[in-house]
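Peer 1: The structure under discussion is supplied below as structure tokens; questions concerning it will follow.
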Amino acid sequence: MPNDSNDHDDHGDHGAKLTRRRLIQAGLAMGALGAVRPGLLVPGARAAPPGPAEVLTGSHWGAFYMRTERGHVTGIRPWEGDPHPSPQLPGVRDSIYSPTRIRYPMVRRAWLEHGPGSDKAGRGKGDFVRVDWDKALDLVANELTRVRKHYGPTSIFGGSYGWKSPGKLHNCQTLLARALTVNGGFVSRSGDYSTGAAQVILPYVVGSIDVYEQPTVWPVLAEHTELMVFWAANPMVTNQIGWQVPDHGAYPGMEALRRRGVQVICIDPQKTETCRFFGAEWLAPRPQTDVAMMLGIAHTLYTENLHDAKFLERYTTGFDQFVPYLTGKSDGKPKDAQWASDICEIPADTIRALARRFASKRTMLAAGWSIQRQHHGEQAHWMLVTLAAMLGQIGLPGGGYGFTYHYANGGSPTATGPVLPGISAGAKPPPGSEWLEAGGTETIPVSRIVEMLENPGGAYDHNGKRETYPDIRLAYWVGGNPFMHHQDRNRMIKAWQKLDTFIVHDYQWTATARHADIVLPCTTSYERNDIEGIGDYAMSHILPMRKVVDPLFEARNDYDIFTAICERMGTRSAFTEERDEMGWIRVFYEAARIQARGKRMEMPVFDVFWNSNKPLAFPISEEAKGYIRHKEFRDDPLLNALGTASGRIEIYSSNIAHMKYDDCPPHPTWMEPLERLGGTGTKYPLHVVSSHPAGRLHSQLCGTVLRETYAIHGREPCLMHPEDARARGIVDGDVIRVFNDRGQMLVGVRLTDQIRRGAIRVSEGGWYDPVEPGKPGTLCRYGDVNNLTSNIATSKLANGNCGHTAMAQAEKFHGTPPDVQVFRPPPGSSA
Ligand SMILES: Nc1nc2c(c(=O)[nH]1)N[C@H]1C(S)=C(S)[C@@H](COP(=O)(O)OP(=O)(O)OC[C@H]3O[C@@H](n4cnc5c(=O)[nH]c(N)nc54)[C@H](O)[C@@H]3O)O[C@H]1N2
Ligand SMILES: Nc1nc2c(c(=O)[nH]1)N[C@H]1C(S)=C(S)[C@@H](COP(=O)(O)OP(=O)(O)OC[C@H]3O[C@@H](n4cnc5c(=O)[nH]c(N)nc54)[C@H](O)[C@@H]3O)O[C@H]1N2
Ligand SMILES: [Mo]
């Protein structure tokens, strides 16, 4: 891989890669490196010594010590350097011993007895047979060989997306890509589910994907921002986790804003934890109508001459092509506050007042990502940048826009440390083989997997190109849960029948593992040695992740599983480069040490670091604490031109105009989504908000004790406004059935006035628990919200997922609801 991070092609990577590159460049430009104090770095300057049997490690939830007694983890305690430990830590410990652990290699009976492609509709029924590791590995190696020989590398899908555990070596997705690469290639994917639309459109608008880059840092906001607008962002909840090990630096950042009494507005169908933390103003537009609301604000700015014409002139292009649309000159519909109000249900006066307040104050527009995980989601971030450009505060301290204040603690000042390398997908790509760098022979946009399975050889449009779907026979998934994360579960279950073979490694019986033909049990992070950085943006420490306990049952490391498969395929040494676990960890550390030396910092020798049981800290420069996004561009737009066609912010994009897409016009535009609250022709009355859960990470930890803190009658909670409930004869605590034409599920209802009328909230990540597995349309007993969502793509430009596009109906469930089964292992699997 040509980059400093080694995950291929997903947001962690884009995040780490671009952020780091930017920052390293910024650091060089600012002379920050020269300012760093040379000398020996002290591991974990702030850490108190751990107790006798406590091992320091970490994961998506932070760095922590695990206490062990007789080889068993009996306690978990956050690392002292964590300013805001995640309340999910008890679930992290429990995940090791959860009854949902996969214990042994398992093969679906029909597949084992009758071969690949047998009884495809039987997937998900749980009829597994335990096999020993040798047999399981032979089956996998032989099947990969068979499929490749008959159908070629483009018949194997290895683009396995998801939130695999951190760790520079046990990065299971990169390990899968590496194993498939050394054996001749595979089909991978581009983009991710998080920012599928925004990361494709923003390069046309601001010249970079932007959504993973460092925004103006929190200390600058605390000093300069007068009005902080969280637009569809809930940083109090979503900053709990990081792609690497989170530093939780956003929490002291938010605390500082609160202390200074900065005005905060939250624009969200829910009165979020963030809104409550700040005691903020809550504005609850109809979901999916934010672009209309932003246009209403823009119209007021323009007609009241509150927009910054000088900024628009100097730093943007295309405003004059956008104005006729804004004023209605081009289509007869002025996008004024009243027009916007009719769509979004925020009063026109409030919209006008927002425009005046934004313009009169130093305003930061901090947007989350749900608004682009919707039909035509590209428009949301484009319009938000346009609004910020009209306000003219981009590049000023505390003003402009930011897209990562809610994610992985974006806005934490970045330390001046080395970039820790990790395992790469292609051992050593021969010159000219760019496909290796992309991590696959071919790629599809990540969320088009169902279309791909439905239309082998079919053509589709993507970002200006005409592409063809490959003909997939075998899919291999590690470190992700597509039977949670993908939309329209029932359509997906049917599409999955295209596959001859589906292979999964996981440590828990997710719905994905249950739908596999071959299931291999892997270790958790706490059963292996690894190394990782703390803080996706802060990059404040390097963390030794020492093994806490031995692997449970027959679990093996993904690295060892792939090594054994490659051994059988004759490619072992290409895969391992003759290194074992500790060998790799040393290599990564030493590479960082050499880089650090180049920055006049001396890291301790590896053994000292490893045995210290402490993270190694890097200094944060004063420059980093004063970082202002787009300041260089503002200072000199010619010398520091953006990476767009014009070098400026593009409010009109000729590149997009050339594509002539009916679902992505060349300037920000309000377009009706497939269905919405208040939409004409929309069949069902309730908008389903599938926000990210406060009590888990997607589906991770749903199988743990944490569930008891939120489940209602053992089911996923559904928030509903009391008036919506009354109209349906529903009372608090009822089990209700939520349904639409795509699917149905049971959930437990919680009535609250902290969600707007007409919207219900069921977090993504609930485990899919079908009453009749394999049967499309069957009732889900637990509450996987993707039973209800649509598979539609955001547009031909980005082909992003639309997890936040769903309308449904709800009714009281009469009779005895069927027991939830999904938190018990499938029959026969614990023998
Ligand atoms: N409706 C709706 N749907 C959504 C969203 C939404 O907002 N609304 N959000 C979307 C977004 S942004 C995302 S990122 C996705 C998340 O979707 P996923 O990332 O697929 O969800 P996770 O539950 O994190 O799944 C990760 C899986 O990896 C496994 N795993 C962890 N570590 C390892 C390891 O070391 N080895 C192996 N082999 N397995 C491991 C875990 O046990 C878990 O099963 O969901 C998307 N889906
Ligand atoms: N605790 C926890 N933290 C996480 C995750 C997790 O699973 N658990 N997942 C991580 C990942 S992978 C990602 S991608 C990020 C996700 O970050 P986001 O995509 O920003 O998170 P969401 O929860 O989907 O949405 C944020 C807010 O948008 C609101 N919202 C939904 N629809 C609309 C709308 O149409 N208009 C407006 N104005 N608001 C709307 C929701 O009510 C919610 O409060 O979070 C990360 N952090
Ligand atoms: Mo995500």
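The values are calculated or read from the model by the stated rules, or taken from the named source; none is laboratory data. Every value quoted in this text rests on a predicted model; they were computed, and no experiment measured them. Cβ coordinates were reconstructed from backbone atoms using ideal geometry, including for glycine residues, and neighbour counts include every protein chain displayed. Heads up: the accessible areas ignore ligands, DNA and RNA and are worked out on the full protein's heavy atoms, side chains in. Shrake-Rupley method; radii C 1.70, N 1.55, O 1.52, S 1.80 Å.
Peer 1: Taking a Cβ-Cβ separation under 4.7 Å as the criterion for a possible partner, which cysteines of the chain have none?
Peer 2: 172, 344, 522, 566, 664, 702, 718, 780, 802
Peer 1: Can you list the HN-Hα couplings for the stretch 766-775, worked out from phi with the Karplus curve (6.51, -1.76, 1.60; θ = phi - 60°), rounded to whole Hz and with x for Gly and Pro?
Peer 2: Ordered by residue, 3J(HN,Hα) equals x, 6, 5, 9, x, 5, 10, x, x, 9 Hz.
Peer 1: Ranking request for peptides 210-221, 806-817: highest mean number of other beta-carbon atoms within 10 Å first, then the rest in descending order.
Peer 2: 210-221, 806-817
Peer 1: Taking H as built 1.01 Å from N, whose amide H comes closer than 5 Å to the amide H of residue 506, not counting residues under 5 places away?
Peer 2: 520, 522
Peer 1: Report the semi-axes of the equivalent ellipsoid for the stretch 241-290 in whole Å, largest first, where each axis is √(5λ) for an eigenvalue λ of the Cα gyration tensor.
Peer 2: Taking √(5λ) for each Cα gyration eigenvalue gives 23, 17, 7 Å.
Peer 1: How big is D, in µm² s⁻¹, for the stretch 371-428 by Stokes-Einstein at 4 °C and 1.567 mPa s if Rh is the Kirkwood radius over C-alpha pairs?
Peer 2: On the way: Rh = 14.8 Å.
For these conditions, the coefficient is 87 µm²/s.
Peer 1: Related question: Figure the gain on full extension for residue 723 and residue 314 (residue separation times 0.36 nm, minus the Cα-Cα span) and round it to one decimal in nm.
Peer 2: 142.2 nm is the gain from fully extending residue 723 to residue 314.
Peer 1: Counting only protein heavy atoms and a 1.4 Å probe, tell me what percentage of the stretch 489-577's accessible area is made up of carbon and sulfur.
Peer 2: Details: 870 of 2030 Å².
In the stretch 489-577, the share of accessible area belonging to carbon and sulfur is 43 percent.
Peer 1: Moving to a separate point now. Which value, in debye to the nearest 20, gives the size of the charge dipole of the chain about its Cα centre, when Lys and Arg are +1 and Asp and Glu are -1 at the Cβ?
Peer 2: The dipole of the chain has a size of about 480 debye.
Peer 1: Give me the accessible area per residue for the stretch 562-668, probe 1.4 Å, as a whole number in Å².
Peer 2: Heavy-atom accessible area per residue stands at 47 Å².
Peer 1: Work out how much length residue 674 to residue 53 would gain on full extension: take 0.36 nm times their residue separation and subtract the Cα-Cα distance, in nm to one decimal.
Peer 2: Roughly 218.0 nm would be gained on extension.
Peer 1: Assign unit charges at the C-beta atoms only (+1 for Lys and Arg, -1 for Asp and Glu), then state the dipole size of the stretch 295-362 relative to its Cα centre in Debye, rounded to the nearest 20. Could you put the intermediate results ahead of the total?
Peer 2: Values: 10 positive and 9 negative charges, 65 e Å.
Dipole of the stretch 295-362, to the nearest 20 debye: 320 debye.
Peer 1: Calculate, for residue 455 and residue 812, the FRET efficiency according to 1/(1 + (r/R0)^6) with r their C-beta to C-beta distance and R0 35 Å; round to the nearest 0.05.
Peer 2: 0.30
Peer 1: Then there's this: Simple spin-label model, 7 Å along Cα-to-Cβ: residue 321 to residue 572 in nm?
Peer 2: Reported label-point gap for residue 321 and residue 572 is 5.9 nm.
Peer 1: What ranking do 144-153, 502-511 get when scored by the average of other Cβ atoms within 10 Å per residue, highest first?
Peer 2: Peptide ranking by packing, descending: 502-511, 144-153.
Peer 1: Beyond 21 Å, what share of the Cα-Cα pairs of the stretch 146-292 remains, rounded to the nearest whole percent? Write out the running numbers ahead of the final one.
Peer 2: Numbers: 6662 of 10731 pairs.
Across the stretch 146-292, Cα pairs with separations above 21 Å total 62 percent.
Peer 1: Alpha carbon centre of the stretch 163-205 versus the stretch 592-606: separation in Å?
Peer 2: Cα centroid to Cα centroid, the span is 29 Å.
Peer 1: At 0.692 mPa s and 37 °C, plugging the Kirkwood radius over alpha-carbon pairs of the chain into Stokes-Einstein gives what diffusion coefficient in µm²/s?
Peer 2: Translational diffusion coefficient: 121 µm²/s.
Peer 1: How long are the semi-axes of the equivalent ellipsoid of the stretch 490-567, taking √(5λ) for every eigenvalue λ of the Cα gyration tensor, in whole Å from largest down?
Peer 2: So the equivalent ellipsoid measures 30, 18, 12 Å along its semi-axes.
Peer 1: Moving on. Take each of the peptides 593-604, 530-541, average the number of other beta-carbon atoms within 10 Å over its residues, and list them starting from the highest.
Peer 2: Result, highest mean first: 530-541, 593-604.
Peer 1: What whole-number value in Å² describes the accessible area per residue of the stretch 215-413 for a 1.4 Å probe?
Peer 2: With the other protein chains kept in place, the stretch 215-413 gives 29 Å² per residue.
Peer 1: At what distance in angstrom do the alpha carbon centres of the stretch 383-410 and the stretch 704-727 lie from each other?
Peer 2: Going from one Cα centre to the other spans 35 Å.
Peer 1: Continuing with the same structure: Using Cα centres only, tell me the gap between the stretch 269-299 and the stretch 639-656 in whole Å.
Peer 2: Centre-to-centre distance over Cα atoms comes out at 29 Å.
Peer 1: First measure r as the distance between the Cβ atoms of residue 68 and residue 709, then evaluate 1/(1 + (r/R0)^6) with R0 = 25 Å and state the FRET efficiency to the nearest 0.05. It would help to have the intermediate numbers written out before the result.
Peer 2: Details: r = 25 Å, r/R0 = 1.00.
Calculated value: 0.50.
Peer 1: Over the stretch 215-413, how many percent of alpha carbon pairs lie in each 5 Å bin up to the one with the longest distance?
Peer 2: 1, 8, 16, 21, 21, 16, 9, 5, 2, 0, 0
Peer 1: Percent of accessible area on the stretch 215-413 owned by carbon and sulfur, 1.4 Å probe?
Peer 2: Roughly 48 percent, rounded to a whole number.
Peer 1: Still on this structure, I have one more. For the pairs 498/796; 498/660; 164/625; 310/335; 465/631, flag any whose C-alpha to C-alpha distance is greater than 29 Å.
Peer 2: Flagged as over cut-off: 498/660; 164/625; 465/631.
Peer 1: Consider a paramagnetic label point 7 Å from the Cα of residue 330 along Cα→Cβ; state which residues of the stretch 787-813 have an amide N under 17 Å from it.
Peer 2: So the set is empty, nothing qualifies.
Peer 1: Here is a follow-up. Name the long-range amide H neighbours of residue 63: under 5 Å, sequence gap of 5 or more, or other chain; modelled H, no Pro or chain starts.
Peer 2: 79
Peer 1: Whole number in Å², please: accessible area per residue of the stretch 720-831, 1.4 Å probe, ligands, DNA and RNA not counted.
Peer 2: 33
Peer 1: Further, regarding this structure: Rounded to the nearest 5, what % of DSSP beta bridges with both residues in the chain are antiparallel?
Peer 2: Working: 47 of 93 bridges.
Among the beta bridges of the chain, antiparallel pairing accounts for roughly 50 percent.
Peer 1: Along the positive direction of the dipole of the chain (beta-carbon charges: Lys, Arg +1; Asp, Glu -1; about the Cα centre), which of 350, 306, 296 reaches farthest?
Peer 2: It is 350.
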